[in-house]
Amino acid sequence: MKASDLFVKALENEGVEYIFAVPGEENLDLLQSLKKSKIKLILTRHEQGAGFMAATYGRLTGKPGVCMATLGPGASNLVTPAAYAQLGGMPMMMITGQKPIKKSKQARFQIIDVVDMMRPITKYTKQIVNSNNIASQIREAFRIAQEEKPGAVHLEFPEDIAQEECEDLVFQVTGHIIPKPDDKAISDAVEMIEKANKPLLLIGAGANRKVTCEALRAFVDHTGIYFFTTQMGKGVIDERHPKYLGTAALSSNDFLHAAIDEADLIINVGHDVIEKPPFFMKQGGKKVIHVNFSPAEVDPVYFPQLNVVGDITNAIKKISDDIKPQDHWDTTLFEKVKSEVAGHLSKYFEDTRFPMLPQRLVNLLRNKLASEDIITLDNGVYKLWFARNYTCHKPNTLLLDNALASMGAGLPSAMAVNMLYPDRKVVSVCGDGGFMMNSQEIETAVRLKLNLTVIILNDEAYGMIKWKQEDMGFDDFGLDYKNPDFVQYASSYGANGYRPESDQDFQKTLDHCLETDGVHLIDLPVDYSLNHPILNVMLKEKANKL
């Protein structure tokens, strides 16, 4: 059997549906083998687009998304998506080509050590040097990518190995068993929670598994303990729940941090310090129970007193079964924080000024989208407003990245979402800076006949950094630019472009886009004038008074 055919057969054996790719000369044997496969090749316009789509596929399905690139510059363009998947806990497999390794073909032309390059940002990276090892290496790569904590893996498939004849063999796909947490750790956790005066539950990205969501909801309902989430833990429990305090969008000085500071015990479920820490530990301060698939890595700001290590769902169910709600638990401040948050978040929801406030956009999208519909965010200051203000009803309905926090992922992520959930409405909210980093994928979206709405928040600047610049007292310098005409830009790709001129005009445009098939781009001028006075000044003053 030809090695490239076996490679594809092994991918089929793993249940691969798509390969997102920018192929090169060194992938041509594999490309020919894919032509005969049921796996769909999704040709993108940049390797970053392919990688971000594969990572999002992995994030939503729990199965590794697969992307492919050629050697050298193609492989190096996958570095950012690799880090995105690795830090964000998204299972993803990268396949890159390479020149023949048994004889020189073009000296050192385009050759870099891709395996070494990928090593610090993947869970597993190997060059295939023997075609008879293809099946075992693919099975091993998929196993490692899916095991907790999920992440990125990489296989380099040299041109001459792809052309070899080899044995026709694939390995049985088996599930992996996550160890149950230690009974002593469970009993210690129950004792710590019952003895605490002001316990508080934190939900992170690692808890975003269907059965874990159900277990956590049951735990909160049983105990009445208030909870908050990290940005990537949004929606694990329906945020309309009466015990939901909010999302930790800022590092400090938000209403939520008053509750965190008041708590004497934080039950930290599924969060690690790769995502920006929402609280900082001090010696002699609050206690922390770490509930996760692996032990906490000791960090200067994070050193839990108890590790409950193993299957998160099992741990939460056992704690919930054994714990007894306590009369001495004091929720007075938590109730006050919840009231303050509710009043604060809604303050600008009905403000119809134009250019539009991000708070207003959040409210309009929440009102116009169903619980199952999905928003993907790129990275920018608007991400903070969505994390704080957007109420998620279900898991994975607001996709954002707070681990690598890379720009350029919002549009490709939305494309992968629409492929997976064609019956849901999909909206990608991007800053003009982040959008332009992978805007060429609009052609891919049009070619694939996807249905999605892209809202470009246009301030002609790197707004997040300008906000930080102002907060640090620096001059406004070096962060402004000019954009293309986004309406004409959309049209040039065969998409639909719009430039609303008022709040009412935007609402009509948004309604039209959400109800009409095709790819839609809305060039929306945004008003960031309240970023500094609210996020840097007012919140600090009010939160400190709670």
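Only the coordinates and a few stated rules stand behind these numbers; no lab work does. This one's a predicted model, so the numbers in the text were calculated from it and none came from an experiment. Cβ atoms come from the backbone with ideal geometry, glycine included; neighbour counts cover every protein chain shown.
Listing for the model above:
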| quantity | calculated |
| --- | --- |
| Computed label-point distance, nm, for sites GLU214 and SER252 using a 7 Å Cα→Cβ extension | 4.2 nm |
| Stokes-Einstein D in µm²/s, Kirkwood radius over Cα pairs - the stretch 3-162 at 4 °C with 1.567 mPa s viscosity | 87 µm²/s |
| Where trypsin sites (Lys or Arg not before Pro) fall in DSSP loop in the stretch 174-282, at most 16 other Cβ within 10 Å | ARG240, LYS282 |
| Computed label-point distance, nm, for sites ARG353 and LYS545 using a 7 Å Cα→Cβ extension | 2.1 nm |
| Tilt relative to the chain, helix 503-515 - C-alpha long axis, 0 to 90 degrees, to 10 | 50 degrees |
| Relative contact order for the chain, counting Cα pairs under 8 Å that sit 6 or more residues apart, in percent | 13 percent |
| Value of [θ]222 nm, deg cm²/dmol, for the chain, DSSP H segments ≥ 4, -39500 (n - 2.57) each, nearest 500 | -11000 deg cm²/dmol |
| Extent along principal axes [Cα atoms of the stretch 242-293; Å; largest to smallest] | 28, 24, 23 |
| Mean-position separation - Cα centroids, the stretch 508-546 and the stretch 322-373, in angstrom | 14 Å |
| Helix axis angle, 410-420 relative to the chain longest principal axis, alpha carbon, degrees | 80 degrees |
| The stretch 3-162, relative contact order in percent, only Cα pairs under 8 angstrom and at least six apart counted | 26 percent |
| GLU148-ASP182 FRET efficiency (beta carbon distance; Förster radius 22 Å; 0.05 resolution) | 0.85 |
| Nitroxide proxy distance, nm - points 7 Å out along Cα→Cβ at GLU191 and ASP113 | 5.1 nm |
| Ranking of PHE109, PHE228, PHE303 by count of other Cβ atoms within 10 Å, fewest first | PHE109, PHE303, PHE228 |
| Gained length - LYS103 relative to LEU420, 0.36 nm times residue gap less alpha-carbon distance | 109.9 nm |
| Normalised alpha carbon radius of gyration of the stretch 429-546 [divisor 2.2 N^0.38 Å] | 1.27 |
| Two-decimal Rg to Rh for the stretch 346-537 - Kirkwood Rh, Cα set | 0.94 |
| Cα-only Debye scattering, the stretch 183-337: base-10 log of I(q)/I(0) at q = 0.12, 0.14, 0.16 Å⁻¹ | -0.42, -0.60, -0.81 |
| Over the chain - Rg/Rh using Cα atoms and the Kirkwood inverse-distance radius | 0.99 |
| Additional length obtainable on full extension of the chain from ARG45 to GLU335, 0.36 nm per residue less Cα span | 99.4 nm |
| Tilt relative to the chain, helix 47-61 - C-alpha long axis, 0 to 90 degrees, to 10 | 60 degrees |
